[in-house]
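To keep things clear, I will list the structure first and then write my remarks on it.
The values are calculated or read from the model by the stated rules, or taken from the named source; none is laboratory data. If you're wondering where the values come from, they're calculated on a predicted model, not measured in any experiment. A quick note on method: Cβ atoms are made from the backbone with ideal geometry, for glycine too, and the neighbour counts reach across all protein chains shown.
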Amino acid sequence: MREDSDKCSRCGAQIIWDSKSLTVECEYCGKKNLFYNNFLKIQAINLIQNKVRRKYLLGSIICFSFLLFFVVSRNNARGPIVSGMRIINKQEPDNYGIKESTIRQEKIRGEYGRYISFIGRSKNRYEGTVAENFWGGYSTIPGGTEVGMFKYMLDCEDKTFDRKGDKINAAALIMKGWSDVSNDLTASYASEYYCPRITRFKKKIDLK
């Protein structure tokens, strides 16, 4: 606690002011000495300090609130994990998802850090086709949409992906191959959320 020295207005004895009281009694003559100016000065300083503290506290609360809102919003946007599957589309929870435990860095051309692989669930639209039947004639096989689990390989630099088993048509003789991530919701999600964090994932070891 800061103490200020002064003299008694009656006897001239030294008086120690405790920086809080408006008056201090002289221990020699009993005179109550008024420290009005000093008292007001200290009160003004305390008032300013309290305002600064409140302003700093309010700023901290606002910053924390924005940070909390950002984290919660981002987490809600990502969707929950159900049976090990990250749900990435709340409107179609059974159609799109990623098994986060399967995400691995892939070693391509001797290096890690560009490609990731994972098991994901997605829709695959395929075209109808004409195929030869048992009687030597031809039958039309209609196209459609399938929902399945696919093995993904994703290029985080080029934003392209390959999805094993995504047939082009109903005959399933030709697969689609590499495509831009914008053509598949699961690949697009992985590119946005996992590629920036690629170094956090385990490396797939080549056993050959």
Positions within the range 86-122 being part of a strand (DSSP E or B), without any contact (Cβ under 8 Å) to a residue 60 or more places away in the chain and closer than 28 Å to Ala170 by Cα, in sequence order: Ile87, Lys99, Ile119
For Tyr126: the one exception among (1) in contact with a Lys or Arg (Cβ under 9 Å, 6 or more places away or on another chain); (2) part of a loop (DSSP other than H, G, I, E, B); (3) modelled with pLDDT under 95: (2)
Those residues of the range 167-208 which are touching a Leu at 6+ places or on another chain (Cβ under 9 Å) and either within 30 Å of Pro142 (Cα to Cα) or basic (Lys, Arg) (or both), in sequence order: Lys167, Val181, Ala187
Matching entry among Ala171, Ala187, Ala131 (being farther than 26 Å from Ser83 by Cβ, touching a residue at least 12 places away in the same chain (Cβ under 8 Å) and not in a strand (DSSP E or B)): Ala171
The lone exception for Val71 - which of (1) under 23 Å from Arg200 (Cα atoms); (2) surrounded by 13 or more Cβ atoms within 10 Å (Cβ to Cβ); (3) of a type in the set (Val, Ile, Thr); (4) modelled with pLDDT under 90 it fails: (2)
